[in-house]
Structures are given as C-alpha cells and as structure tokens.
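Everything below concerns the one structure shown next.
Derivation of every value follows stated rules applied to the coordinates shown; laboratory data play no part. In this text, all values refer to a predicted model and were calculated from it rather than measured experimentally. Every residue, glycine among them, receives a Cβ derived from its backbone with ideal geometry; neighbour counts consider all protein chains shown.
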Amino acid sequence: MDTHAALYQQGKARLDMLRQLKARTPHSLENKMMENEITRRDFMKWSASVTAMLALPLPFSSLVAEAAELADRVPLIWLHMAECTGCSESLIRTDTPNLDSLIFDHVSLEYHETLMAASGWQAEENLEHAMEAYKGRYLLAVEGAIPTANNGSFLTVGCKGHTGLEIIKHAAEGAAAIISVGTCAAFGGVQAAHPNPTEAKGVHEVIDKTVINLGGCPPSEKNIVGTLMYYIMFGKLPALDMFNRPKWAYGARVHDNCERRGRFDAGEFVEEFGDQGAKDGYCLYKLGCKGPYSYNNCPTERFNHHTSWPVLAGHGCIGCSEPNFWDDMADFEKPLGRQLLHGVDATADTVGAVILGATAVGIGAHAVASIFAKPLEE
Amino acid sequence: MSHSATHTRTLIFSPAIRIFHWFRALSILILVITGFYISWPFLVAPESNDVQVQSYIRFAHLVFGFLLTAVTLVRFYLFFFGKSDIERRSIQDVLSVKSWLVQLRSYLWSGHLHKAGVYGPLQFVTYAAISFAALFICITGLVLYANVYHLGMGGMMWEPAAWITAQMGGLAEVRIWHHYLTWVFIIFTVIHVYMAVWSGIRFKHNSVDSIVSGYDYHKK
C-alpha cells in the first residue's frame, strides 16, 4: 500500500470513529448550508480546493467533505490571551458567510470568549466543564501571547482572576492537540516586541508539548480552517516546518509564488508609492517588501474569499507570519539593508558614539606614539 | 659583462596561497558590488523585461559566492595541512605576550617587528577572525541560497538551512547578518591594503610584492 492509500485508510477509520460520537447540535452542516444558500456543488468545490491546498491528491476531497460534516464531533476550546481578537475576527466577520466561516460555526466550539453567550461565573464553569468532560481529546486553539513577567500577573482572565499562564498550562494538559492561532500565540507578536516589559512569549515557550504555529497577523482563514480539517480528518498534526508551522501552508516564501516575481527578476522596481512603476505592478522590494524572508501562502490563497492580499493591493509584505517580525522587519517600507538601527535620533546617537569613540582612540594612540617615537634626526 | 645581484630573495608565499589570495580578493570585490545591488537594486530597469537584470546579477553573486566558499574551505585546509609551516609558526607569537608588545610597539613607530612566522600576532588574529567571518558569511549565504533554488545542491542543503534559519530566529535575521558581515570585509580590506603598504615602507621589505611574486627581497 503506498503512503497516500495508507493515509486515506487512516482518515477513513478516524472519520468512522467520529461518526459514532454524539453530534453537538441537531443542526447538520447540510441544513446550515441550505439556510445560507450554499449549494452541494459549492460544497464539493470547496472540498476539492481544501484538498489541493493541503497538498493531498483529489480522491481525498470526499474525505474532506465528510470531515467537514463531522466537524461537530471534535470538541474545540478556543482561549484568548494577550491579543486583539483580530484572528477570530478575520475568520468570523464576513459579509456573506462562506464555507470557511460556516465550518468554524459548525465545529463543536465548547468555549470561545468572543462568540459565547455566557459571561462571568457561568463562562468559567463552561470552560472547566469542557476541559473535564473532553479531557484528553479536545482541540485547543490559542489566540494571543502569554505574559510571563511577575509570574504572569500582567494578564488575568475571568472572575477567578487566573493568570493567562495558569490557564494555558492547565488547558494544555488535557489537550489532544494545540494550535497557536496567529503570530502572538505562535511567537509573542507585538506584545513580545522590544522592550517587551511583560515578557510575553509564544505558547510553545511556556508549555512542553508540540504546538502548531499558525503565524500571521492575522493568519488567513484558509490556514486556520485547513489545519482544523487536517486534524479532524487524521487526528494528528500535519508535517511541520522549522518553526512548527504546517508545511502545506508555510512551505514556500511569499517571494517564491508572488505574482510580481517576474518584475523582481527583471530588475523592475517601484521607486515610490504612486509612480508609474507602481501603476504597472512593478516589484515592491525597494519599498520594503519582506516577501523574500517570509514563509506563507498569501500569494496563492489570498484573503477574504481569495479576493486580494497586500502585494496585489500595492503594499509590500511586512513578514507578519515570521517570529519577532515587529523588530526584525521594521522599517516596513524599507528593505532590510536600509533599516535604521533604532529610531532616527537613536541611530544618529549610535553613529556619533562610534565616530567620537574612534577619534578618542586615534588621539590617544597618537599621543602614546609621540612618547615612544624616536626623534626625527635619527 | 656580469652584474652581481644587489639583493637576495626568499620565498614567502607558496603559489597556492597566492592564487587563493587573489581568488578570494576577486570574489570579495564582485560579491560586495553585486551584493549591494541585491540589497538595494540601484540599476535602472531595462527597456524590455526580457533582460533579467536581477537574475543575472544574482547569478554572478551566487557563482562568486560558491568560489568564496571553496577558497574559504581550501584555505582552512591549507592552514592546517599545507607543506610550508610559515603560517602555523605564527601561533607561537600569538601565545607570547612579548610578541604582542613588540608588534604593537612596532605599529607605533617604535622598534622592529620580529616574528617566528610570516604574521605578527595582531595580524594573525585578524586574519583568523576574517577567515571565520568568511565562513559565517558563506554559511548564511548558503542558507539564503537554499531558498532560491530548491533542486540539486540547493535542495540538498534545505534541511540544514532550515535548521540554521530556526537557530538564527528567521530568514530575516540570516539576511541581516549576511548584510552586516559585508561591512566587516569592506573595513578589513581598507585596513589590510593600508597596513600592507605601510609595513612595506616602514620595515623596508616587499610585503605587497610577496603576495604577487611570492618573494621578499633584502639588500645584501
């Protein structure tokens, strides 16, 4: 049996097992699609495109469709840490609910602070109940960084005042798999940018389990849903890259698949926003595009129902899915080789210190030399 | 009619050392120029985009990058296993405090430079440092290269390159170290040329000539 056939059998067995479990709501995905006027045909097209995105052969698309329908069998706990909720927003806030947002609605979401009706003690109870009832088999998704300074006291959540650090450690214990959604959860994000007073860290740095990192500020809805689908289908983690990001999404640089790559190779660069080159779609490298250093599938998957993505809209990539991107990729509108060391004045200060320091050394050396130097007539 | 020679000559640098020195110099020169283009594409776009300007410059950068990598490896090998021990002897001087003082004083126009090998201690340490800088810039270059070409050698380097990228904190870090290290070579080259000429004048020997012809000349 080749690897794909074996994987197919594995997925099949897993979905048969899930089918035995109780559905969370009587509402099937089919009903939900009907309510939103999504046809069966649209659904099959969606399944095929998710299959392709996950780099699986086409026969798997029936498996993807099945997994989508069974998504309500996999309990999902979604925690919010130090973050802006932008990752959730990017997934749920669509003017016409498409299949991605529908799957997110359909998945057995046991706890999600933004979406749930409960609040206060009741919310806390829901979380505790979910973690107890589904111990060892829930999927844990985390949004936001974990502040660790002062024993994590820079972030407390809920009526019991637990720190984010406590909650994440507790929740991670009983999780079957952990997904860091967005750059903050994955690498610390803006909270962890210099000087990082709260010592915010990515989830994987505070717990000792494998965490799937979905970098991006926000990550595209495709990458979130694709990871969910993969886990539902196979019950295990996909192949991961050097920073534990799924290879099917983060296997190539933005630069590798960019529609403006030909302009780059030809040496055609936009010199300033709004010039003729910009109108002709030239490469944005000289305006600071960080696509060459960023692994993501933005050029192929795009955002908002495949509508657009930053470079198509005329601004360079800022490398938001990379570790430490706020510090490493700044200035966002200058290439790396032209970045200032710090701010303008601080950079001038550093340069000044080097020049004056070198001068002091030079004067010192000359003074010492003139003590030792032999007189001219010798 | 016969002339008696006024100078004697001694062989300092073997042909291998000289050839690799100039290969290295050539590759550094071309890598710096093409590297600055890659960092900030300063050429105006051609009339037709059939002319792949960036691609050709990248091609030159990659080819000379491989040359520099090869020379760096060969020079590490030659240092340890070359027939002549003229370079290795300098380690004695590096370990001697007296030699350091003698060399530093001689650089301050006081006294002569006496050394066991071909290099003074400060010179030796500088060359060792630049050799390791070359190693580091070659490694970061190869990591960046593994992202440029995914088949053949580039493909074979992918796994170690990904590991190094993770250790350095991302491809942007790799890139910026590669960029800063360029400046180490530029500053080194200026000081190196100055010191070669200066020490030839100051100590009346042919230091620049010896890296071309291999010989140093002394008056009889």
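Considering only residues that are under 21 Å from A:A365 (Cα atoms) and of a type in the set (F, W, Y), look in the stretch B:81-116 and name the one that is surrounded by the most Cβ atoms within 10 Å (Cβ to Cβ). Full working, then the answer.
Residues of the stretch B:81-116 under 21 Å from A:A365 (Cα atoms): B:97-113.
Okay, now just the ones that are also of a type in the set (F, W, Y), so B:100, B:107, B:109.
Values: B:W100: 16, B:Y107: 19, B:W109: 12.
Across the stretch B:81-116, the extreme among qualifying residues is B:Y107.
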Report summary line: Scanning the stretch B:142-159 residue by residue, those over 14 Å from A:D256 (Cβ atoms) and in contact (Cβ under 8 Å) with a residue 12 or more places away in the chain turn out to be B:L142, B:V143, B:M157
Requested in this report: Check off (1) more than 22 Å from B:I28 (Cβ to Cβ); (2) surrounded by fewer than 13 Cβ atoms within 10 Å (Cβ to Cβ) for B:Y77 and give me the number that stays unchecked.
Outcome: (1)
Report summary line: Within the stretch B:27-74, restricting to residues that are in contact with a helix residue (DSSP H, G or I) (Cβ under 6 Å, 6 or more places away or on another chain), within 9 Å of chain A (Cβ to nearest Cβ) and polar (S, T, N, Q), the one that is surrounded by the fewest Cβ atoms within 10 Å (Cβ to Cβ) is B:S55
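Identify, from the list A:E205, A:E301, the residue that is over 30 Å from B:A60 (Cα atoms), among the acidic types (D, E) and touching a residue at least 60 places away in the same chain (Cβ under 8 Å).
Numbers: A:E205 fails: touching a residue at least 60 places away in the same chain (Cβ under 8 Å).
None of the other options fit; the residue is A:E301.
Do you know which of the residues in the stretch A:262-286 that are in a loop (DSSP other than H, G, I, E, B) and in contact with a strand residue (DSSP E or B) (Cβ under 9 Å, 6 or more places away or on another chain) is nearest to A:M329 (Cα to Cα)?
As a first pass, look at the stretch A:262-286 and keep what is in a loop (DSSP other than H, G, I, E, B): A:267-268, A:270-275, A:280-282, A:284.
Checking the rest, the ones that are also in contact with a strand residue (DSSP E or B) (Cβ under 9 Å, 6 or more places away or on another chain) come to A:267-268, A:270, A:282, A:284.
Working: A:G267: 22, A:E268: 22, A:V270: 19, A:Y282: 21, A:L284: 15 Å.
If we take residues in the stretch A:262-286 being in a loop (DSSP other than H, G, I, E, B) and in contact with a strand residue (DSSP E or B) (Cβ under 9 Å, 6 or more places away or on another chain), then A:L284 is nearest to A:M329 (Cα to Cα).
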Query - Lone qualifier among A:A149, A:A192, A:A200 - being surrounded by fewer than 16 Cβ atoms within 10 Å (Cβ to Cβ), among the hydrophobic types (A, V, I, L, M, F, W, C) and over 30 Å from A:K22 (Cβ atoms) - result: A:A149
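Here is a check on your reading of the model: is B:K83 charged (D, E, K, R) and in contact with an Asp or Glu (Cβ under 7 Å, 6 or more places away or on another chain)? Show your work before the answer.
Values: charged (D, E, K, R): yes; in contact with an Asp or Glu (Cβ under 7 Å, 6 or more places away or on another chain): no.
Answer is no for this residue.
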Query - So A:A249, is it under 27 Å from A:M53 (Cα atoms), free of Cβ contacts under 8 Å to residues at least 24 places away in the same chain and more than 10 Å from every other protein chain (Cβ to nearest Cβ) - result: no
Requested in this report: Working only within the stretch A:258-283, note down all residues that are within 12 Å of chain B (Cβ to nearest Cβ) and under 29 Å from the mean Cα position of the chain (by Cα).
Outcome: A:R260, A:R261, A:G262, A:R263, A:F264, A:D265, A:F269, A:V270, A:G281, A:Y282, A:C283
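Filter the stretch B:106-134 down to the residues that are part of a loop (DSSP other than H, G, I, E, B), aromatic (F, W, Y) and more than 14 Å from chain A (Cβ to nearest Cβ) and list them by number. Steps first, please.
Step one: filter the stretch B:106-134 for residues part of a loop (DSSP other than H, G, I, E, B), giving B:108-120.
If we keep only those that are aromatic (F, W, Y) as well, we get B:109, B:119.
Answer for the stretch B:106-134, where residues must be part of a loop (DSSP other than H, G, I, E, B), aromatic (F, W, Y) and more than 14 Å from chain A (Cβ to nearest Cβ): just B:Y119.
Return a yes/no flag: does the stretch B:54-77 have any residue that is closer than 24 Å to B:H205 by Cα, basic (K, R) and part of a helix (DSSP H, G or I).
No - not one qualifying residue is present in the stretch B:54-77.
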Query raised in the report: Taking the stated definitions as given, is A:C289 within 14 Å of chain B (Cβ to nearest Cβ), touching a strand residue (DSSP E or B) at 6+ places or on another chain (Cβ under 6 Å) and not aromatic (F, W, Y)?
Result: no
